[in-house]
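Below you'll find the structure, written out as structure tokens, and then a few comments.
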């Protein structure tokens, strides 16, 4: 019995060590459609991996019109997820972490604001058809 518990403790320790630099994969979004105007507003961030120990972020936001999605590598430093995007022709960085409330962090200048996104289904799975009257691959 002691050997079995020892194995469990070692296994959990290794999992914890291996998980120290892992990214909680998923979709974090407040992207939504305003039915009266047809405008789309908000931000959607998808954290994903390539299966080769590299994590990526897919970022898309809208203020009336959807921006083209941007795919970037994620770096992890001091338990902070970090990446850079192009925001209206200017480089902008994000630093934050996933908490029980969702993705929490801060965009640098030129936006210079906090970001709080809940874990949520993708806009493309739930709101595209009601908003635009079709499906993404119609």
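The values are calculated or read from the model by the stated rules, or taken from the named source; none is laboratory data. From a predicted model like this one, the values you see are computed outputs, not experimental measurements. With ideal geometry, Cβ positions are generated from the backbone for all residues, glycine too; neighbour counts draw on all protein chains shown.
Considering each residue of segment 77-87, count those that are in contact with a strand residue (DSSP E or B) (Cβ under 7 Å, 6 or more places away or on another chain) and exposed (fewer than 15 other Cβ atoms within 10 Å of the Cβ), and give that number.
3
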Some residue of segment 36-45 being closer than 21 Å to residue 133 by Cα, outside any loop (DSSP other than H, G, I, E, B), touching a residue at least 12 places away in the same chain (Cβ under 8 Å) and in contact with a helix residue (DSSP H, G or I) (Cβ under 6 Å, 6 or more places away or on another chain): yes
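Results for (1) within 18 Å of the chain's Cα centre (by Cα); (2) surrounded by 11 or more Cβ atoms within 10 Å (Cβ to Cβ), shown as yes or no for each residue.
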| position | (1), (2) |
| --- | --- |
| 89 | no, no |
| 95 | yes, yes |
| 102 | yes, yes |
| 109 | no, yes |
| 115 | yes, yes |
| 123 | yes, yes |
Mind listing whichever residues of segment 85-121 are part of a loop (DSSP other than H, G, I, E, B) and in contact (Cβ under 8 Å) with a residue 60 or more places away in the chain? 118, 120, 121
Within segment 64-76, residues being surrounded by 11 or more Cβ atoms within 10 Å (Cβ to Cβ) and either in contact (Cβ under 8 Å) with a residue 40 or more places away in the chain or outside any loop (DSSP other than H, G, I, E, B) (or both) number 8
Any idea which of (1) surrounded by fewer than 16 Cβ atoms within 10 Å (Cβ to Cβ); (2) part of a strand (DSSP E or B); (3) in contact (Cβ under 8 Å) with a residue 12 or more places away in the chain is the one residue 24 doesn't satisfy? (2)
Quick one: how many residues across segment 122-138 are in a loop (DSSP other than H, G, I, E, B) and at pLDDT 90 or above? 1
